[in-house]
Amino acid sequence: MLDLQLSTDLMNYKLPHDTLIRLSGVLSEPRRSTTPGPSVLAFETALLAEGVCTLTAIRRHLAQTEKRGFSAIEELIDDLINAFEVCVQGIYPRPEYLGDEVDGEMGLTAVDAVWFLVLLEAIGLEVDPSRLADSLIAQIEDRTLLTSTEFDILHYRHTLGKRRIRLNTDTAQLVGQHSLHKHKDSIGNRYTVCSRGDLPYSLEISGRKYREPKPREAVTCDLCGMLYVTNHPGDARRHKATHDRVVRRLNPKPSTRLQKRVASGVAGELVDPDAPLWMHGEVYERAAAFRKEFGYDVIQWPGGSSTCAPSDWRGHLFAGPGGEIAGACAFMHTTSRKAEGEWSLQWIWIAPSFRRKGLLESRWTDLLQRYGDFDLEKPLSAAMVAFLWKHGSEAQRASLPVF
Ligand SMILES: [Zn+2]
């Protein structure tokens, strides 16, 4: 698996020394006004139409938008492409006849070109990839699979001004005093230049919205038991979903759907193949709670909110006094002990605040009528053993461990 996640954490790149010095010079000059001229818009239109551009075209484009240092950017592009590891490939005119020889030149696909422009903007250069990024995002709107470059472009507006990038060079030949210089440009980008003997060897650019990432650590939630990483948006979302599910099981709110089902009696709590899917889903939730509380490996309910459990399984949801889904149990039909088959109670789970309130006791006679003198899947909890000594049938009591 390749793990891909959005990151605005520090990114490090390496540049030749001369290129870093010249780039620092460009970035230390005041920004100029940037109204896109006709040639800028023409480049964008052509790039989107062809899906590719030559390095010559992108060089010319950048010279139009980044004019500081007498458009020095033109001569820095090759090194920046190398540093950012942008994929350069041959771009060729379509041959008039198949088999014709054609002359091409080096260039980029539209996606790689836009991604390159996004990085150049992030290091403070005067280029505006916003229109191109929007158009490419619209083009990939229907796609469910993306490349890492497309993933970055998709998040263009989300990460705009939030990146921190450091460009380094080899310091081997540098001598003299270390010094550190900080400055800020007119749109809020912050620069830190480290030099030795007046020659910069490291240039760090933080966007105007860059914030130091908060510390992350792995923690386990006491309530839902989920292990997650703090200050991680994806983990926060996943934890919230799990946490809310657990809270819904532990502190159930009155359910109007269940109230309607049980209006005509306890039979409305039955979850068989004819019961609505939501009931199969709610039994599944309690089966999951049972597994978690007692540390079993599998969830013993072969249904869920999108599939009914098969007919050799029966569930029951227990309505609390206010119509809450206070608990559930599941029976399975088995021929393991008797050739003619019998029902066996697999598990019972009741939310802690509804325990010892007579929910099971008031249903036991009904369950015995429905499933006969049923067996119970062992091992049993101490509470269940105590319950059976009091309310179990003769056969059920006989199966209990004797101390
Ligand atoms: Zn939690």
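Between segment 263-307 and segment 19-80, what is the separation of their alpha carbon centroids in Å?
Each part's Cα centre sits 62 Å from the other's.
5 Å is the cut-off here: which amide hydrogens, built 1.01 Å from N in the peptide plane, fall below it relative to Arg31, excluding neighbours closer than 5 in sequence?
Those lying under 5 Å, H to H, from Arg31 are Ser186.
Which whole-number percentage describes the relative contact order of segment 168-235, with Cα contacts under 8 Å and a sequence gap of 6 or more?
Rounded, it is 22 percent for segment 168-235.
Enumerate the amide H contacts of Ser202 below 5 Å, restricted to partners 5 or more residues apart or on another chain; note that Pro and chain-start residues carry no placed amide H.
Under 5 Å from the amide H of Ser202 lie the amide H atoms of Cys194, each far enough along the sequence or on another chain.
Could you give me the ³J(HN,Hα) list for segment 88-97, computed from phi with Karplus coefficients 6.51, -1.76, 1.60 and θ = phi - 60°, whole Hz, x at Gly and Pro?
9, 9, x, 10, 10, x, 5, x, 5, 10
Net charge around Ala236, counting only other residues with Cβ within less than 14 Å of its Cβ (Lys, Arg = +1; Asp, Glu = -1)?
Net local charge, Ala236 excluded: +2.
Taking the Cβ of Gly304 as the center, what net charge do the other residues with Cβ under 11 Å away carry, scoring Lys and Arg +1 and Asp and Glu -1?
Taking every Cβ under 11 Å from that of Gly304, the sum is -2.
May I ask you to evaluate 6.51 cos²θ - 1.76 cosθ + 1.60, the Karplus curve with θ = phi - 60°, for each residue of segment 276-282 and list the ³J(HN,Hα) values in order in whole Hz, giving x for glycine and proline?
x, 4, 4, 5, 4, x, 5
Using a simple charge model, +1 on the beta-carbon of Lys and Arg, -1 on the beta-carbon of Asp and Glu, nothing else, what dipole does the chain show about its Cα centre, in debye to the nearest 20?
With only Lys, Arg, Asp and Glu charged at Cβ, the dipole is about 2380 debye.
May I ask what percent, to the nearest 5, of DSSP beta bridges between residues of the chain are antiparallel?
90
Which whole-number percent gives the relative contact order of segment 253-398, counting Cα pairs below 8 Å spaced six or more residues apart?
19
Rounded to whole Hz and in sequence order, give me ³J(HN,Hα) for segment 375-391 from the Karplus expression 6.51 cos²θ - 1.76 cosθ + 1.60, θ = phi - 60°, writing x for Gly and Pro.
8, 10, 5, 8, x, 10, 6, 4, 5, 6, 4, 4, 5, 5, 4, 7, 10
Would you order Met226, Met279 from fewest to most other beta-carbon atoms within 10 Å of each residue's own beta-carbon?
Neighbour counts put them in this order, fewest first: Met226, Met279.
So for segment 253-398: antiparallel DSSP bridges make up what percent, rounded to the nearest 5?
Antiparallel bridges make up about 90 percent of those DSSP assigns within segment 253-398.
Compute the FRET efficiency between Arg238 and Ala386 as 1/(1 + (r/R0)^6), taking r as their Cβ-Cβ distance and R0 = 56 Å, and round to the nearest 0.05.
That pair, Arg238 with Ala386, gives E of 0.90.
Using Cβ contacts closer than 10 Å as the measure, can you line up Lys182, Lys292 from fewest to most?
Placing the least packed residue first, the sequence is Lys182, Lys292.
Just add up the charged neighbours of Gln64: K/R +1, D/E -1, any other residue whose Cβ is under 12 Å from the Cβ of Gln64.
Net of charged neighbours comes to -1.
Each value in this text was obtained by applying a stated rule to the coordinates, not by laboratory testing. What you see is a predicted model; the values in this text were computed from it and never measured. Cβ sites come from the backbone with ideal geometry, for glycine too, and all protein chains shown count toward neighbours.
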